[in-house]
């Protein structure tokens, strides 16, 4: 059983793709939508329901931390795994606002819940290291959410732009954002950085990818010269995975495990979160003309490989739980 809190008719590709991958491995996944997690009566009823419903499953997997994992933590006598995405663990520091308070509450609930889980999956090494410092006895694995490498691969830039009816004379900087108003993404900082770049490279344009169908995303990625990320925090950003799979370099603030790639590749840059520094790095990447191979950094994140890794983790967790139960 996977417990989650995405609207059933708006499940993200990372969940839908994973379910397809597990189906090929003869693992049956049942999704359990938790509903309104601001309602105390609903939370109470879901805890009561899950305690009973969980008896019919071999393993419970909470597909998010925060209140989702907290509800799941009340399930007893079944092996449990929790997946942390980033927004359920990373604190959004800054000005006093509702979202900043929410991230602190989410982290508190995630930390409290994970003590009761047999294994924790974090989407980045950085997050794994932080969890292990806080709870050294907890078993933690770093397994980024998968992408389908068959969907994301290098396409001729001019061809991608022609299919999208985008002019060939522009230098496009991709900015992938689901919610324009999400303060953690710092969209205004991205726009400010591009304004400074335009003073040096006049044909630069910020290519905002928002509310685009999954099928069209690979074309948008391949149409761009680089991808820009200005977030305060991230788990392992899918937009960067998809760009790397298409051999598109990035300029990013220091989030997730991206610095490990930037340390090896001159075409990828980690920047201070200022418009001036971001603009300098963007110009450097635009002017980088050497052949690059970035796809190798996400090869292991392919759906087939990731599902096999998690399948092995499921089997191991179930086996250890039964062994401890017998003891």
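The values are calculated or read from the model by the stated rules, or taken from the named source; none is laboratory data. Not measured: the values here are computed from a predicted model. No Cβ is skipped: glycine too gets one built from the backbone with ideal geometry, and neighbour counts run over all protein chains shown.
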Return the residue satisfying two criteria in turn: it lies in the range 96-135 and is in contact with a helix residue (DSSP H, G or I) (Cβ under 8 Å, 6 or more places away or on another chain) and not in a helix (DSSP H, G or I), and of such residues it is modelled with the lowest pLDDT.
97
Taking the criterion of being over 23 Å from residue 107 (Cα atoms) and in a strand (DSSP E or B), would at least one residue in the range 27-39 satisfy it?
yes
For residue 215, all conditions in the list (1) in a strand (DSSP E or B); (2) modelled with pLDDT under 95 hold save one; what is the number of the exception?
(1)
Would you check if there is a residue in the range 198-206 being assigned to a helix (DSSP H, G or I) and crowded, with 17+ Cβ neighbours inside 10 Å?
no
Which members of the range 129-143 meet the condition of being surrounded by 14 or more Cβ atoms within 10 Å (Cβ to Cβ) and out of contact with any strand residue (DSSP E or B) (no Cβ under 9 Å at 6 or more places or on another chain)?
none
With the requirement that a residue be surrounded by 21 or more Cβ atoms within 10 Å (Cβ to Cβ) and not in a helix (DSSP H, G or I), what does the range 240-256 give you?
246, 248, 249, 250, 251, 252, 253, 255, 256
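Only one residue in 39, 83, 73, 69 is assigned by TED's automatic domain parsing to the domain that holds residue 8, more than 15 Å from residue 120 (Cα to Cα) and modelled with pLDDT of 95 or more. Which one?
Every option except 39 fails the conditions.
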Mind checking whether some residue in the range 166-183 is part of a helix (DSSP H, G or I), under 25 Å from residue 92 (Cα atoms) and modelled with pLDDT of 95 or more?
no
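Looking at residue 21, is it surrounded by 20 or more Cβ atoms within 10 Å (Cβ to Cβ), free of Cβ contacts under 8 Å to residues at least 60 places away in the same chain and within 20 Å of residue 146 (Cα to Cα)? Break it down stepwise before answering.
Working: surrounded by 20 or more Cβ atoms within 10 Å (Cβ to Cβ): yes; free of Cβ contacts under 8 Å to residues at least 60 places away in the same chain: no; within 20 Å of residue 146 (Cα to Cα): yes.
For residue 21, the condition - surrounded by 20 or more Cβ atoms within 10 Å (Cβ to Cβ), free of Cβ contacts under 8 Å to residues at least 60 places away in the same chain and within 20 Å of residue 146 (Cα to Cα) - is not met.
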From the list 260, 307, 268, pick out the single residue that is assigned by TED's automatic domain parsing to the domain that holds residue 223 and either at pLDDT below 95 or buried (at least 18 other Cβ atoms within 10 Å of the Cβ) (or both).
268
In this structure, does residue 161 turn out to be in contact (Cβ under 8 Å) with a residue 40 or more places away in the chain, buried (at least 20 other Cβ atoms within 10 Å of the Cβ) and under 18 Å from residue 257 (Cβ atoms)?
no
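Looking at 168, 172, 226, which one is without any contact (Cβ under 8 Å) to a residue 24 or more places away in the chain and in contact with a helix residue (DSSP H, G or I) (Cβ under 8 Å, 6 or more places away or on another chain)?
Unique residue meeting the criteria: 168.
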Go through (1) within 23 Å of the chain's Cα centre (by Cα); (2) over 21 Å from residue 86 (Cβ atoms); (3) not assigned by TED's automatic domain parsing to the domain that holds residue 230 one by one and return the number of the condition residue 173 breaks.
(3)
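Listed here are the residues, each with its yes/no results for (1) part of a loop (DSSP other than H, G, I, E, B); (2) closer than 16 Å to residue 25 by Cβ.
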site	(1), (2)
280	no, no
284	no, no
289	yes, no
292	yes, no
306	no, yes
315	no, yes
319	no, no
322	no, no
The condition of being free of Cβ contacts under 8 Å to residues at least 60 places away in the same chain, under 18 Å from the mean Cα position of the chain (by Cα) and surrounded by 15 or more Cβ atoms within 10 Å (Cβ to Cβ) holds, among 297, 288, only for 297
Somewhere in the range 234-246, is a residue at pLDDT 95 or above and closer than 30 Å to residue 78 by Cα?
yes
